[in-house]
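Since every read-out is calculated from the coordinates, none of them should be taken as a lab result. What you see is a predicted model; the values in this text were computed from it and never measured. Neighbour counts run over all protein chains shown; Cβ positions are idealised from the backbone, glycine included.
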Amino acid sequence: MRRLGPGMKKSKTGHSPEKAAATGALFKVGDQVRVRDMPYMFYTRSQMYTRGVAGTIAALTYKDLIPEEEAFNFDGRIEQYYIVRFRQKDLWPGYPFDNDTLQTECPHRWLEPAKN
Amino acid sequence: MSHTHSHGKPGADTHHKAAPMVEEITDYEVLEIAVRELAIEHGLFTAEDHRRFTEWAESIGPAAGSRLVAKAWTDPAFKARALKDGVKACKEIGVDWAEPTGVGTPSDYMEFHVLEDTPTLHHVIVCTLCSCYPRPLLGMSPEWYRTTNYRRRLVRWPRQVLAEFGLILPPEVEVRVEDSNQKCRFMVLPVRPKGTENWTEEQLEAIVTRDCMIGVALPKPGRTADVHPIQKARRPVESSHQEAK
Amino acid sequence: MSVDRIALLETTRNQDKTWEALAPHYGVTNPNPPWKTSLTAMCDCLAVNGALPALDRRKAEDELAETLYSDIPSPERELLALVHTMVSRGLVTEADLASRMSMVRARLETV
């Protein structure tokens, strides 16, 4: 699943050591984001049900290596992971309870800013 | 793993046993040993690694989670620390997420978040992809949590699934599903129920069951066990088992 | 991934010999057989060394649990699914397993 790039050592936390920032500026808590509709072959841990849906950044969690099979160039890039919060009404057509939400964890490369 | 078997003559070795045992060697037991020995011989893992992980698997259980909840309910400063840094707070109650490798296990990692319920927010946890679970704090996951039935339906119909567990929440309460599909692991910190004022931590621990920390049940005085309805009929034991005695 | 039956596992599987069936018969209240933690450890060890990553194992287990082993309860189902996946991936062979099982049984039955 997660493999270390060449020359990288596992740190005490099990993640790679923090290095240069990830792909582009980090999102902040509260930012509106959308899960990009990327080809399925590049998603090893994604759920289909969030594709193309907009949500809100609920938390920043940790930085981790992009898996080799999903990195477009294998330079051991590290990226930020986020908890993203969705309204269930936005995930499922006809979901009957207005207040219900769902959260899941996404790496930065799955997300793009959502226009309001 | 060592355990004794009594075979053959009735009465042999049986009168010293403190508790009943399944007194036959099943093919399942034999298969588990056989595949493990072959795996070690093929270098898939070492006997030492297996011993370490087995000891760890035997050491974990939901009591640690109950302790964390009871402590959070009675000690607001601890609760604040637990919400801020779950892994560090676990150390205070004797759980080290780094075990047994020093960097956690390949399924549990070292990212742990406590999800705080409020009167208007109820969390429930799932892993749609493969049933990841906060094992260092809650022990092994229950079978129902691992089924595709739970994993597929909870994200889509959470209230129906909760109702099957006997939990019905008012529509104005926000039911928030947490799908733990990456490295973060989660546990629910339920709202402390009424009727527990002045309870000791031990008394509180007794009503914080595993289901309460996954989010499919609410803790309440007198409720000290998770009970589920039988999901499907099982075949009754065949009478041929009488011969095994 | 193949859901062809594996002959050795077809002879091993037996609803009457699952812990769920045997434990009540013997009056044993422990909900799990003694080998369950060893199985858990084996799954973790296979993942930590990369031989069988957890996600791969669980995806295979999901498919097998819904097909070949849907009538076998936990944890025997997980054990059968694990061995099935290991055989499918060439991590162990059916022949080696069969002969090792005979040896193990003989060893355990010698009091």
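Couplings 3J(HN,Hα) of the range C:22-28, computed from phi: 7, 4, x, 4, 8, x, 8 Hz, in residue order, whole Hz [Karplus 6.51 cos²θ - 1.76 cosθ + 1.60, θ = phi - 60°; x for Gly and Pro].
Summarising the amide proton neighbourhood of A:G55: residues at separation of 5 or more, or on other chains, whose placed amide H is nearer than 5 Å comprise A:V33, A:R34, A:V35.
Based on DSSP H runs of at least 4 residues, each adding -39500 (n - 2.57), what is the mean residue ellipticity at 222 nm of chain B after dividing by all its residues, to the nearest 500 deg cm²/dmol?
Working: 11 runs with 92 residues, N = 245.
Theoretical 222 nm ellipticity from helices: -10500 deg cm²/dmol.
With 20 Å as the limit, the listed pairs B:K183/C:K36; A:K63/B:K88; B:K88/C:K59; A:K28/B:K84 have B:K183/C:K36; B:K88/C:K59 beyond it between alpha carbons.
Amide H to amide H, with H built 1.01 Å from N, A:R77 comes under 5 Å of A:I66, counting only residues 5 or more places away or on other chains. Residues whose amide H falls under 5 Å from that of B:V175, counting only those 5 or more places apart or on a different chain, are A:D100, A:T101, B:H122, with hydrogens built in the peptide plane. Per-residue Cβ neighbour counts within 10 Å put B:I125, B:I33 in the sequence B:I33, B:I125, beginning with the fewest.
Normalising the average separation of contacting C-alpha pairs (under 8 angstrom, six or more residues apart) by the number of residues puts the relative contact order of chain B at 20 percent. Using Cα centres only, tell me the gap between the range C:26-49 and the range B:46-65 in whole Å. If you average the Cα positions of each part, the centres end up 10 Å apart.
Placing +1 on the Cβ of every Lys and Arg and -1 on the Cβ of every Asp and Glu, with no other charges, gives the range B:106-192 a dipole of roughly 280 debye about its Cα centre. Reducing the range B:68-120 and the range B:146-175 to their Cα centroids gives an inter-centroid distance of 25 Å. Whole-Hz Karplus values for the range A:50-64 come out as 9, 4, x, 9, 8, x, 10, 5, 9, 6, 9, 9, 9, 9, 8 Hz, taken residue by residue from phi with 6.51 cos²θ - 1.76 cosθ + 1.60 and θ = phi - 60°; glycine and proline positions read x.
Please list 3J(HN,Hα) in residue order for the range B:182-194, calculated via the Karplus relation 6.51 cos²θ - 1.76 cosθ + 1.60 where θ = phi - 60°; whole Hz, with x for glycine and proline. With coefficients 6.51, -1.76 and 1.60, one gets 10, 8, 5, 10, 10, 9, 8, 9, x, 5, 5, x, 5 Hz. For chain C, the longest principal axis of the alpha carbon atoms and the long axis of helix C:54-66 meet at an angle near 60°. When the Cα positions of C:G50, C:H84, C:P24 are compared along the charge dipole of chain C, C:G50 comes out farthest toward the positive end, with charges on each C-beta of Lys, Arg, Asp and Glu.
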